[in-house]
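Have a look at the structure below, then the notes.
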Amino acid sequence: MRLSDISIKKKLVVIFLLGMFVVLAFMLINIRELRLIGGEADILSRPRQDTMLLAAEVGHLQWASRVQKYLLDNGKKPLDALLDGHKCAFGRWLYGPGKSGLEQELPALEPLFRELGEAHLALHESAARLKLAMENGDSAQARRLFEDVTMPQLKKVQEILTTARGEINTSFAGTVEKLRAKIRMTTLLDMSMGALTVLGCCLALWLLVRGISTPLARLKDHAGRVAEGEFSSVPISQGDEVGQLAEAFNIMVRHIKEKLGISQGIMRGITLPFAAFDVNCRLAYVNRAMLNCWGHSGQPEDYLGQTAGEFYYADAQRETLCHQVMAERREILNYEVTRENFKGEVKRVAMDVSPLWDLDGTLIGCFTLHRDLTEIHAQQERIAALNERIYLSADEARDISGRQTHAFEQLSEQLRTTGGMAEDQAKASLDAAQGIRSMAETMSEVAARAGRAAGDSKSAEEEAAGGVEVVRQTIACIAKVAEQTAAVAKDMEALGAHAAGIGRILGLITDVADQTNLLALNAAIEAARAGEAGRGFAVVADEVRKLAEKTMQATTEVAAAVQAIQQGVDSGGAATERAVELTRQTTQLADSSGERLNRILDVSRQAADTVAGIAHATEEQAAVGGEMLEMIKSISDKARDTTDNMRASDGYVRELSKLSGELKKIIDSMRSERRAEPRYLLRDPYRLNVVFGGREVEATLADVSRSGARLCFAAPPALEGGASVVLHAVAAPFDTLFADREARIIWVDGPQAGLAFAEPAEGDLEAIIRSVGGDRA
């Protein structure tokens, strides 16, 4: 047995017989204190519940991240998160008997755990409601639930867990302080015993110094190393009380190493870019994801000790968000920045930076989490461009549709007028035919009377001569009637040709409408392929298809009306030809009458009365011929009016053809996502004021072009598409570009809105963007 393995009590009994009672008393006191120290050490050796609460907090942060990812994916992948708060690991501990021991040890935690239980259930319940909204297709409601319910409940759970950890840490610190006090008391007691021993025996002093002071000094040295971060064990192998103290110290060091290992394991398990900085803004911890985000090579350990400016910008003197958080002693959340990393890749990153405090509330550093939003913002850019193009194309299509409708109405009116004229022309042709029949009857009466006057021809010689002249004039009038009737026939033929031309044009319109309908169908197919981003595009394509169908229907009706006109023209032409034929026959009969009158000229003197009747009948015939001439003139005038109306209808049809071509161009432009103007992205957010509805709100400029801009608001604005706003900026370099600039809202998507300027922006916009570190999209 070694001397160091003998207890202090035995050493004192053997060496100091005379001071046995004094030493015994001191030893009893020392043993009691050591037992108390052992009890306190047992408390310290238990698993720390604050670490479990910290793990629960981190786990729920990861749970919230999975819910957020489910929202960002628009529910395309199943939600990988528990919806029942009783079934998660922390829930089983919280609602089971696991927390009872901790509540008995720290009664102050009981109301906190009761409040935590309610908040925890509400948090998981919000995820179930959110999932139901996404399954019902209401993504906007799901996002509102996430922002208005899930995130506040998550924050509440974090606050309660932080408070509970504070209570546990306070209790732990009190226990450590008690242990330190008892160690100090034991040390003083041992020193007192050493002093008494020195008085009694120098040998006892030497033994005590060698057996107690030296191990304690070694223990103190290792305690200092532990304070500096070196967690090594004390190499003391004694069986006395000092050896037991060293063993307890080694156990404590092992527990501290385990707790720190758990904390570091949690930090290593964070998959998002994560880094921690000390109070001097020097890098204390960084994970691989952070290095990849900013394009750093090598191992995370290679960057420890660098300043935040050196790590992010390769400039050790540059101030960053970490300096701002340290100076203002507050957290900064969702700070978005766009810039190139060290590999030349353009990244858009959202940063969360929060200060770190020790148990005494002293600032010891800060930590930051980054979220790479590059792909998300690129997708938003594509959707915004498509929405803007669809909106503008829809306005143009609506305007052209109105103009096309007006042209159809004008064409319909012209066709109705033409139809009425054709009816009047047919009626006039019938009247002309009736007049010709009356003329034929009159000529028959003249022939009969001439027969009756054959016996008295000598006495009517002079009157017959006059009758010959009248018949000659009648023949001339009938010839003129024939000429006018032939002209009417030619006009009717021209009218039929114009009607046939309208039919051909209407056939062309029908082909254009069919092509428009086919293009609308193709556009709907392209929109279906685009998915959610092409939903608005599909609506516009469907409206264009309906417009094409209406065009085809109207063209069919116009074609039917033109066909009816053609039939009327054909009927009028046939009637006119019959009138010409009857006029020709009348002329022949009149010629025959003239010849007969010439033959009876010598004997007509005796038929005075009969010839007078002939003269009267001839006058009636002349009157009927005049009426026929007026009717033929009326037919000719109506034919000319019909031709003019047909020309006007042809103009409207050409206008419809032009509108159909413009509709095709609009559909072609809707199928392309190219912008008319280049758009520029800002790497650092630029704040400006938006005035609408008599009030002013603050927004962040995300990107800009000469024709418009995209703004981000802190909360979804009460804006609608088509509303007018005024932009106002006070800081350079956009103070001139956005000096009371008027714009119009063309789309709104949550906290974002797209604007179209009333007038294009002037100046070198690209130079302004590059001066603030932006770049072309």
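The values are calculated or read from the model by the stated rules, or taken from the named source; none is laboratory data. As the structure is a prediction and not an experimental result, all values here were calculated from the model. Methodologically, a virtual Cβ is constructed for each residue, glycine included, from the backbone with ideal geometry; neighbour enumeration extends over all protein chains shown.
Only one of L161, L199, L189 is without any contact (Cβ under 8 Å) to a residue 24 or more places away in the chain and either assigned to a helix (DSSP H, G or I) or of a type in the set (A, V, I, L, M, F, W, C) (or both). Can you tell me which? Break it down into steps so the answer makes sense when it comes.
Working: L161 fails: without any contact (Cβ under 8 Å) to a residue 24 or more places away in the chain; L189 fails: without any contact (Cβ under 8 Å) to a residue 24 or more places away in the chain.
The unique qualifying residue is L199.
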task = Please state which one of E375, E310 is of a type in the set (D, E, K, R), more than 26 Å from R776 (Cα to Cα) and in a helix (DSSP H, G or I).
result = E310
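One line per residue, one yes/no per condition, for (1) touching a Gly at 6+ places or on another chain (Cβ under 9 Å); (2) at pLDDT 90 or above; (3) at negative phi:
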{"site": "V353", "(1), (2), (3)": "no, yes, yes"}
{"site": "L356", "(1), (2), (3)": "yes, yes, yes"}
{"site": "L369", "(1), (2), (3)": "no, yes, yes"}
{"site": "Q380", "(1), (2), (3)": "no, no, yes"}
{"site": "A384", "(1), (2), (3)": "yes, no, yes"}
{"site": "E388", "(1), (2), (3)": "yes, no, yes"}
{"site": "E409", "(1), (2), (3)": "no, no, yes"}
request  = Please specify each residue of region 224-278 satisfying the condition of being part of a loop (DSSP other than H, G, I, E, B) and small (G, A, S).
outcome  = G229, S232, S233, S237, G239
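Those residues that are free of Cβ contacts under 8 Å to residues at least 40 places away in the same chain, under 15 Å from A276 (Cβ atoms) and either surrounded by 14 or more Cβ atoms within 10 Å (Cβ to Cβ) or among the basic types (K, R) (or both), I need them from region 305-326; list them, please.
Filtering region 305-326 for residues free of Cβ contacts under 8 Å to residues at least 40 places away in the same chain gives 305-320, 324.
Add one more test, that the residue is under 15 Å from A276 (Cβ atoms), and what stays is 305-308, 311-312, 320.
If the condition is that a residue be free of Cβ contacts under 8 Å to residues at least 40 places away in the same chain, under 15 Å from A276 (Cβ atoms) and either surrounded by 14 or more Cβ atoms within 10 Å (Cβ to Cβ) or among the basic types (K, R) (or both), then Q306, T307, A308, F311, Y312, T320 are the ones that fit.
What residue, of I236, I266, I262, is modelled with pLDDT under 85 and buried (at least 17 other Cβ atoms within 10 Å of the Cβ)? Explain how you work it out, then say what you get.
Values: I266 fails: buried (at least 17 other Cβ atoms within 10 Å of the Cβ); I262 fails: buried (at least 17 other Cβ atoms within 10 Å of the Cβ).
On inspection, the qualifying residue turns out to be I236.
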inquiry  = Pairs needed: first member in region 91-119, assigned by TED's automatic domain parsing to the domain that holds Q49 and within 18 Å of T162 (Cα to Cα); second member anywhere, modelled with pLDDT under 85 and not in a helix (DSSP H, G or I); C-beta distance under 7 Å; at least 6 residues apart or different chains.
reply    = G91/G85
inquiry  = Suppose we filter L737, L727, L755 for residues that are surrounded by 16 or more Cβ atoms within 10 Å (Cβ to Cβ), touching a helix residue (DSSP H, G or I) at 6+ places or on another chain (Cβ under 9 Å) and without any contact (Cβ under 8 Å) to a residue 60 or more places away in the chain; which single one remains?
reply    = L737
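Could you count how many residues in region 303-326 are of a type in the set (D, E) and more than 18 Å from P685 (Cα to Cα)?
Looking only at region 303-326, we keep the residues that are of a type in the set (D, E), and these are 310, 315, 319.
So of that shortlist, the ones also more than 18 Å from P685 (Cα to Cα) come out as 310, 315.
Number of matching residues: 2.
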inquiry  = Condition first: under 29 Å from L681 (Cβ atoms), crowded, with 19+ Cβ neighbours inside 10 Å and of a type outside the set (V, I, T). Can you find one or more residues in region 327-343 that meet it?
reply    = no
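Run down K131, K99 and say which single residue is out of contact with any His (no Cβ under 9 Å at 6 or more places or on another chain), closer than 24 Å to L260 by Cα and of a type in the set (K, R). Spell out how you get there, then give the answer.
Numbers: K131 fails: closer than 24 Å to L260 by Cα.
On inspection, the qualifying residue turns out to be K99.
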remark   = Inside region 121-142, the number of residues satisfying the requirement of being touching a residue at least 40 places away in the same chain (Cβ under 8 Å) and either surrounded by fewer than 17 Cβ atoms within 10 Å (Cβ to Cβ) or within 21 Å of A55 (Cβ to Cβ) (or both) is 8
